[in-house]
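Here the structure is laid out as structure tokens; the discussion comes afterwards.
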Amino acid sequence: MKVLFIGGTGNISVSVSRLAVARGFDLYLLNRGRQGVTIEGATTITADITQPDQVQAALGDHHFDAVVNWIAFVEPDIERDLALFGGRCKQYIFISTASAYQKPLTYPLITESTPLANPYWQYSRDKIRCEDRLMRAYREDGFPITIVRPSHTYDTRIPVAVGNWASYLIPQRMLEGKPVIVHGDGTSLWTLTHAEDFARGFVGLLGHPQAIGHAFHITSDFVLTWNQVYKQIGDALGVTPVLVHIPSEFIATVDPATGAGLLGDKMWSSMFDNSKIKRFVPDYVARIPFHLGIRRTIAWFQADASRMHVTPDDDAQLERILTAYHAAH
């Protein structure tokens, strides 16, 4: 099976790329070649997806059983892809987000039929618009779409709610005995999924003819409170973290960018019914609980000193919120 990934070298997609190659897929990666990640066994096509003429020239007469865009975020990205890949693929998979689901929820268990509505976070609203455009293309023109909605998926990221999760900020602060911020009282429920688990469900959808026209979320069935998330990060580091609980609404007033992701996603309990992906991919099961997965993530950071770099801006962001909270209380 011949598959094209647009991107394919990020936090989630590296695991998917490696598993696709391991399962014998003829994998092509279209990207700008700037991530410094090599996927053995994949063919790289160097082009900038934001330059359609460049992409057309790079793809030549290639046709694919499946095309996956890991880096489409707004409706113009979809319009571009409809023009680029109409007639060039048998399946187009759009990576959406589980944060698109209704906030606040009217029913606590999230299924693929949970309404899509997010009044708090522009990122989620943009993804909803992308989904709407693709569904219209499917209904009106037969464009062969599949929608996948990851939730909080980690591998080379520290899955926290406040602070730069792409940096070593939170582990460093925990190791130094500095406080870290937990939104609310830390008792809301959250689902974290290791990228290797996500990959097992996702690869099973590639080229799946019955997945056309359908949406799926792919998450683990491991549910934790946010207090447990931070404690297990501390356990992986061998320390007891100093947690400061701050209401999400207060954080949003001090740091609106962080607040959008809290009010529009992480402050709400999120538990997922994964029965649909398990019906379509019968061998799918999440096997990596967070207390083991986070140790692997910490080890990845610590294997290279350059990965543990923390910028002053990252640290200052948390200090601003802490200072404002202590001043107000």
ask   = Given the conditions (1) surrounded by fewer than 17 Cβ atoms within 10 Å (Cβ to Cβ); (2) in the same structural domain as S306 (by TED's automatic domain parsing); (3) out of contact with any Leu (no Cβ under 8 Å at 6 or more places or on another chain); (4) in a helix (DSSP H, G or I), which single one is not true for E249?
value = (3)
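For the structure I just gave you, tell me whether I246 is under 17 Å from A316 (Cα atoms) and either charged (D, E, K, R) or at pLDDT 95 or above (or both). Write out each step before concluding.
Numbers: under 17 Å from A316 (Cα atoms): yes; either charged (D, E, K, R) or at pLDDT 95 or above (or both): yes.
In short, yes.
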ask   = Among the candidates L4, L27, L82, which residue alone is surrounded by fewer than 19 Cβ atoms within 10 Å (Cβ to Cβ) and of a type in the set (A, V, I, L, M)?
value = L82
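I'm checking my understanding of the structure. Among residues of segment 197-217 that are among the hydrophobic types (A, V, I, L, M, F, W, C) and part of a strand (DSSP E or B), which one is surrounded by the fewest Cβ atoms within 10 Å (Cβ to Cβ)? Even if it seems obvious, please write down each step before you answer.
Quick first cut of segment 197-217, residues among the hydrophobic types (A, V, I, L, M, F, W, C) only: 198-199, 202-203, 205-206, 211-212, 215-216.
Restricting the remaining residues to those that are part of a strand (DSSP E or B) gives 215-216.
Details: A215: 20, F216: 23.
In this case the residue turns out to be A215.
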inquiry  = Could you go through segment 84-94 and let me know if any residue there is hydroxyl-bearing (S, T, Y) and outside any strand (DSSP E or B).
reply    = no
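Restricting attention to segment 1-45, which residues are outside any helix (DSSP H, G or I), among the β-branched types (V, I, T) and within 19 Å of F198 (Cβ to Cβ)?
Restricting attention to segment 1-45, the residues satisfying the condition of being outside any helix (DSSP H, G or I) are 1-12, 23-45.
Right, trim to among the β-branched types (V, I, T) and you get 3, 6, 9, 12, 37-39, 43-45.
Within segment 1-45, V3, I6, T9, I12, V37, I39 meet the criteria.
Would you mind listing the strands (runs of 3 or more DSSP E) fully within segment 110-192 where at least 2 residues are acidic (D, E) and over 26 Å from G204 (Cβ atoms)? Walk me through it before giving the result.
On the way: elements: 145-150, 179-183, 189-191.
The strands (runs of 3 or more DSSP E) meeting that bar number zero.
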message = I'd like the full set of residues that are in a strand (DSSP E or B), of a type outside the set (V, I, T) and under 30 Å from A327 (Cα atoms), limited to segment 218-246.
response = L243, H245
note = Given the conditions (1) touching a strand residue (DSSP E or B) at 6+ places or on another chain (Cβ under 6 Å); (2) farther than 29 Å from L4 by Cα; (3) buried (at least 20 other Cβ atoms within 10 Å of the Cβ), every one holds for D185 apart from (3)
query = How many residues does segment 36-88 hold that are in contact with a Pro (Cβ under 9 Å, 6 or more places away or on another chain) and farther than 27 Å from Q210 by Cβ?
reply = 1
inquiry  = Out of everything in segment 88-124 that is closer than 27 Å to T9 by Cβ and out of contact with any Lys or Arg (no Cβ under 9 Å at 6 or more places or on another chain), what residue ends up being surrounded by the most Cβ atoms within 10 Å (Cβ to Cβ)?
reply    = Y92
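Would you check if there is a residue in segment 99-106 being part of a strand (DSSP E or B) and free of Cβ contacts under 8 Å to residues at least 24 places away in the same chain? Before you say what the answer is, go through the steps one by one.
Here is the first cut: in segment 99-106, the ones part of a strand (DSSP E or B) are 101.
Still in the running and free of Cβ contacts under 8 Å to residues at least 24 places away in the same chain: none.
Within segment 99-106, not a single residue is part of a strand (DSSP E or B) and free of Cβ contacts under 8 Å to residues at least 24 places away in the same chain.
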inquiry  = Please go through segment 30-53 and give me each residue that is out of contact with any helix residue (DSSP H, G or I) (no Cβ under 7 Å at 6 or more places or on another chain), over 24 Å from T297 (Cα atoms), surrounded by fewer than 15 Cβ atoms within 10 Å (Cβ to Cβ) and not hydroxyl-bearing (S, T, Y), ordered by number.
reply    = R32, Q51, D53
query = Given the residues S96, S113, which is the only one that is in contact with a helix residue (DSSP H, G or I) (Cβ under 7 Å, 6 or more places away or on another chain) and in the same structural domain as I212 (by TED's automatic domain parsing)?
reply = S96
task = Just name the residue that is nearest to E112 (Cα to Cα) out of those in segment 204-242 that are hydroxyl-bearing (S, T, Y) and in contact (Cβ under 8 Å) with a residue 40 or more places away in the chain.
result = T219
task = Say whether the condition of being free of Cβ contacts under 8 Å to residues at least 24 places away in the same chain and touching a helix residue (DSSP H, G or I) at 6+ places or on another chain (Cβ under 8 Å) is met by at least one residue in segment 183-197.
result = no
Every residue from segment 59-83 that is among the charged types (D, E, K, R), part of a loop (DSSP other than H, G, I, E, B) and touching a residue at least 12 places away in the same chain (Cβ under 8 Å) = D65
key: Number of positions in segment 130-142 that are surrounded by fewer than 22 Cβ atoms within 10 Å (Cβ to Cβ) and closer than 19 Å to S96 by Cα   = 8
ask   = Just a yes or no: is a residue in segment 54-64 buried (at least 19 other Cβ atoms within 10 Å of the Cβ), of a type in the set (F, W, Y) and under 18 Å from the mean Cα position of the chain (by Cα)?
value = no
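The values are calculated or read from the model by the stated rules, or taken from the named source; none is laboratory data. Treat the numbers as computed from the prediction; the structure is a model and nothing was measured. Neighbour counts are summed over all protein chains in view; Cβ atoms, including those assigned to glycine, are modelled from backbone coordinates with ideal geometry.
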